[in-house]
Amino acid sequence: MTKSSSIFVFFIFLSFYNLSLTWAASNSVYETFLQCLTNQTDNISNIVYSQTNSSYTSVLRAYIRNARFNVSSAPKPLIIITPLQESHVQATIICSKQVGYQLKIRSGGHDYEGISYISDTPFFILDMFNFRSISVDVDQESAWVGAGATLGEVYYRIWEKSKVHGFPAGVCPTVGVGGHLSGAGYGNLLRKYGLSVDNVLDAKIVDVQGRILDRKAMGEDLFWAINGGGGASFGVILSYKIKLVTVPKTVTVFRVEKLIEAGGTDMAYKFQIVAPTTDNNLFLRMLLQPVTRNKKKTVRVSVLSLYLGDSNSLVSLLAKEYPELGLKKENCLEMSWIDSVLWWGSSDNRTNPDVLLDRDLDSSSFLKRKSDYVQKPIPKSSLNLLWKKMIELGKPGLVFNAYGGRMNEIAPTETPFPHRAGNLYKIQYSVNWDEPGAESDKNFISQIRSLHSFMTPFVSNNPRSAYFNYRDLDIGVNQNGKDSFNQGKVYGEKYFNGNFDRLVKVKTMVDPTNFFRNEQSIPTLPSKK
């Protein structure tokens, strides 16, 4: 054997040796964790998935909603735990601490950066999808909803019991309750009823010591924190008690589209004036999308509505306030509130509401999102520059969600979500693509970053605020080391403005060792040593 071949064989041996050591270490962690679980709780035979389990991949992929992280190179958890009862959650926390692994908590997987199911450090996933119980009490106008329930399931179960009740939350039916509500949650009822967290009455959480706490037991500081500051920094949310809101038997929706050459610019400009100040029963969303028409690149402006009333009064209202829209009665669709949920969720409004129970497992597209808040209308001259930028980039779009109404009436310190009065609307930057691979990721992410940069003069500053539930690692990442507080402050003040300091104090009080941590979690106060 030659010297070079001997060296090659040695390196092959070394690689196998290292692999066997890694496997042995992982196996040891798994055995230790399993033994701990067995000591702490019962009925665990069908809730723990190691990487050698035949169902591991399907369980992992089921709630990955961003295809960027559905690749072989993405970090994988050593174990996935899918609890069926509260004691399973308690035991998972205790045993994860014992073996020293990071615990990621997933309810629906819609976090845009995959924070609930990837990590660069050894980790487990606690997947709450079995916690989907929903108990509706129409007489009390409330409901207890499990953290793993989807918004679609919540809407369906309310509709089952009452045709004149709803709940103000998101328009995507597969979003999980745990992340949505703990991060504030909003939808097309926000101008009438505020955010999801403005309508939360109670909650149950498992803390770092494994205790199950309701609102009374956890105290008002922790209850405040998990109503907009994210649950995963403070513990594991089991369920929320929500306050149902009333909706009329008939609501009205419409979608009006115009190209910028055919009145779209005037329609877009006036949206900024009317949408945040109009009747509280009306929510308007505007979409700006680059399109090609007759082989020419342009921008399409679309305005969508949910109006808590009939079409006649809506057409009359907007004829006075928003003539640039040119709304006619034939543009409007009158329907029940549950049918409007289907319409907004991109289902045919003739579809049976049963479709809201479809969890659409293992479905994902490649995507990147960013966010901003706008406090002054963007002038028409600047909108014309924006059209040029969007046409130049070719792919990213913008979504404007109007504020005002109930949002203006709630103090910015009432919940961790601070973006209340003074904000006309929130922008979501959106880009989706179909082509897998690092080059595509780089190309489309650079496009959306370029558009975000272009918008700097027109959005909030000091800080340039962002929406916590539209996770964006571009604005800061926490390594959760010695500099954790300073790293957390970078993104924390953008998401929470002046409420960040109170969130840090709550975090330090309830989880002083920073067990519940992720790439954008709330840090603890720096040590005084």
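The values are calculated or read from the model by the stated rules, or taken from the named source; none is laboratory data. Computed from a predicted model, the values in this text were never measured in an experiment. Cβ coordinates were reconstructed from backbone atoms using ideal geometry, including for glycine residues, and neighbour counts include every protein chain displayed. Side chains included, ligands, DNA and RNA excluded: accessible areas come from the protein's heavy atoms. Shrake-Rupley method; radii C 1.70, N 1.55, O 1.52, S 1.80 Å.
At 1.4 Å probe radius, can you tell me the per residue accessible area of the range 392-527 in Å²?
Ligands and nucleic acids excluded, the result is 42 Å² per residue.
Report, in degrees rounded to the nearest 10, the 0 to 90 angle that the Cα long axis of helix 86-99 makes with the longest principal axis of the chain.
50
Once the range 186-247 is represented by equal point scatterers at the alpha-carbon sites, with solvent omitted, what log10 I(q)/I(0) does the Debye formula produce at q = 0.14, 0.17 Å⁻¹?
Calculated log10 I(q)/I(0) at the listed q: -0.41, -0.57.
I need the calculated FRET efficiency for the pair L333 and K297, taking r as the beta carbon distance and R₀ as 30 Å, to the nearest 0.05.
My answer for the efficiency is 0.45.
Structure shown: which of K76/K192; K297/K328; K104/K442 lie over 32 Å apart, alpha-carbon to alpha-carbon?
Values: K76/K192 42 Å; K297/K328 28 Å; K104/K442 26 Å.
With Cα atoms farther than 32 Å apart: K76/K192.
So which lysines can K376 reach, going by Cα to Cα under 18 Å and dropping same-chain residues fewer than 8 places off?
Those lysines meeting the cut-off are K270, K426.
What is the gain in length, in nm to one decimal, between D120 and E220 on full extension, counting 0.36 nm per residue of separation less the C-alpha to C-alpha distance?
Gain on stretching D120 to E220: 32.6 nm.
Let me know the shape class of the range 297-354, please: from the alpha-carbon gyration tensor, a ≥ b ≥ c as square roots of the eigenvalues, rounded when a/c is under 1.5, otherwise prolate if a/b is greater than b/c, or oblate.
Taking the square roots of the gyration eigenvalues as a ≥ b ≥ c, the range 297-354 is oblate.
What whole-number volume per residue, in cubic angstrom, does the convex hull of the C-alpha atoms of the range 78-117 give? Could the numbers behind the result be given before it?
On the way: hull volume 2.7 nm³, N = 40.
So the per-residue Cα hull volume is 68 Å³.
Under the rule a/c < 1.5 gives rounded, and otherwise a/b versus b/c splits prolate from oblate, where does the chain land using the Cα gyration tensor?
prolate
Could you tell me which residue out of A262, L60, L195 lies farthest along the dipole of the chain toward its positive end? Charges go on the beta carbon: Lys and Arg +1, Asp and Glu -1, centred on the Cα centre.
Checked the options; the winner is A262.
For the chain, with all protein chains present and a 1.4 Å probe, just round the carbon and sulfur fraction of the accessible area to a whole percent.
51
Hey, got the Cα dimensions of the range 87-140 along the principal axes, in Å, largest first?
47, 29, 15
Only loop residues by DSSP count here, and only those with at most 16 other Cβ atoms within 10 Å; note down the trypsin sites (Lys or Arg not before Pro) in the range 174-277 that meet that. Don't skip to the answer; put the middle values down first.
Numbers: sites: R191, K192, K204, R211, R215, K216, K241, K243, K249, R255, K258, K270; in loops: R211, K249.
Qualifying residues, ordered by number: R211, K249.
Which residues among the range 61-105 fall inside the zone where the amide N is under 17 Å from a point 7 Å beyond the Cα of Q479, along Cα→Cβ?
Within reach of a label on Q479: no residues.
Rounded, prolate or oblate: which fits the range 136-208 when a ≥ b ≥ c are the square roots of the eigenvalues of the alpha-carbon gyration tensor, with rounded for a/c under 1.5 and prolate only if a/b beats b/c?
rounded
Kindly state, to the nearest 0.05, the FRET efficiency for T413 paired with S28, given R0 = 51 Å and r defined as their beta-carbon distance.
The computed FRET efficiency comes out at 0.60.
Whole percent per 10 Å bin, from 0 to the bin with the longest distance: what is P(r) over all C-alpha pairs of the range 149-301?
So the P(r) values, bin by bin, are 10, 31, 26, 20, 10, 3, 0.
Using 0.36 nm per residue, how much length does the chain from K163 to S450 gain when fully extended, once their Cα-Cα distance is taken away?
98.8 nm
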